[in-house]
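Any read-out appearing in this document is the output of simple, stated calculations on the displayed coordinates, not a laboratory observation. Note that the structure is predicted; figures quoted are calculated from it, not measured. Positions of Cβ are generated from backbone atoms using ideal geometry, with glycine treated the same way; all protein chains shown enter the neighbour counts.
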Amino acid sequence: MRNQSLDTLDPTPRAVLAIGTDYAPGTLLEMHSHRRAQFLYGATGLMEVGTDDGAWVVPPHSGVWIPAGKPHRVKMVGVSTRSLYIEPSAAPRSGSLCEVLAVSPLLRHLLIEAVDVPALYDLRGRDGLLMSLVLQEVRRAAALPFFAPLPAEPRLAALCIAFLHQPDVRTSPLAWARQLHQSERTFSRFFRLHTGVTFAEWRSQACLLSAMSQLAMGHSVTTVALQLGYDSPGAFSTMFRKKLGHKPSAFIAA
């Protein structure tokens with residue numbers, strides 16, 4: 001099914017519904033939730049997903065698992081999506097957090113095929129087998145670290161959200177500590193307590209998420225590196241390769 005509203009299909013007595021939707025570049029889906037769990041795959045382009053728990057970037061060849069009832073917002077950067085909407089009782093993954101998942105070649109082809117399956121498919125025929133297999137592949141998909149957690153502590157959350165909108169690798173923990181009227185040592189403990197990671201780890205991850213989005217929108221490596229505060233494109237490329245295992249140019253090509 002393509003470009004159809006989930007609201008009209010949600011009551012269908014099937015554990016899995018597959019819908020393909022085309023979005024104009026820059027489309028923003030404001031905060032919303034679904035009764036069913038969702039696996040959202042971008043066949044093209046890149047997605048930015050935000051929840052109260054944090055921010056995710058979903059690059060090509062990846063998808064995002066969204067638990068049932070989880071409020072989320074999505075920004076599309078030239079995306080044609082293939083979504084699975086899954087009854088909570090049939091959800092192949094547990095937990096209350098979103099996850100970015102690697103999409104294997106098999107899962108990709110299953111998702112492409114699934115959107116041509118009618119809503120009321122034959123459970124015992126080919127379509128039923130296809131939907132059962134796609135659930136198994138979502139279950140076994142590997143989680144990817146394209147995530148920056150957001151703390152529940154309101155003062156720290158405000159600083160983190162502002163940073164995600166304008167990341168700068170030169171931002172120091174001392175600057176944030178002063179804004180919170182803390183010593184740098186106290187702030188370091190405070191930050192880790194509320195996010196589960198160090199300030200340096202979180203800052204690097206947030207810069208990576210921004211870099212992936214900007215590169216996907218066509219910005220040059222040099223432009224992205226300087227905008228994020230790196231001393232040179234080479235320093236930025238080193239960070240990118242360390243995090244993802246390949247250079248920014250390879251990411252752009254993909």
Starting from the Cα of LYS243, draw a straight line to each of the aspartates and glutamates and keep only those under 20 Å, dropping any in the same chain fewer than 8 residues away.
GLU48, GLU99, ASP168, GLU201, ASP231
Can you put VAL117, VAL138 in order of Cβ neighbours within 10 angstrom, beginning with the fewest?
VAL117, VAL138
R0 of 35 Å, Cβ-Cβ distance LYS247-THR198: FRET efficiency to nearest 0.05:
0.85
Among the trypsin sites (Lys or Arg not before Pro) in the range 92-149, which ones are in a DSSP loop with at most 14 other Cβ atoms within 10 Å of the Cβ? Mind listing them?
ARG124
Could you line up MET217, MET131, MET239, MET47 from fewest to most neighbouring Cβ atoms inside 10 Å?
MET217, MET239, MET131, MET47
Residues ASP127, ASP52, ASP168, sorted so that the one with the fewest Cβ neighbours within 10 Å comes first
ASP52, ASP168, ASP127
Can you give me the C-alpha center-to-center distance between the range 165-226 and the range 60-91, rounded to a whole angstrom?
26 Å
Expressed as a rounded percentage, what relative contact order does the range 6-61 have, with Cα pairs under 8 Å and six or more residues apart?
22 percent
Of SER183, MET239, ALA162, which is farthest towards the positive pole of the chain's charge dipole, taken about the Cα centre with +1 and -1 on the beta-carbons of Lys, Arg and Asp, Glu respectively?
SER183
Quick one: helix 199-216 against the long Cα principal axis of the chain, what's the angle to the nearest 10°, folded into 0 to 90?
60 degrees
In Hz, Karplus ³J(HN,Hα) per residue of the range 88-105 (6.51, -1.76, 1.60; θ = phi - 60°; x = Gly, Pro):
x, 5, 9, 4, x, 10, 9, x, 9, 9, 5, 9, 8, 10, 5, 9, 6, x
Tilt of helix 154-165 relative to the longest C-alpha principal axis of the chain, in degrees (0 to 90, nearest 10)?
80 degrees
Relative contact order for the range 102-189 using alpha-carbon pairs under 8 Å, separation at least 6, rounded to a whole percent?
20 percent
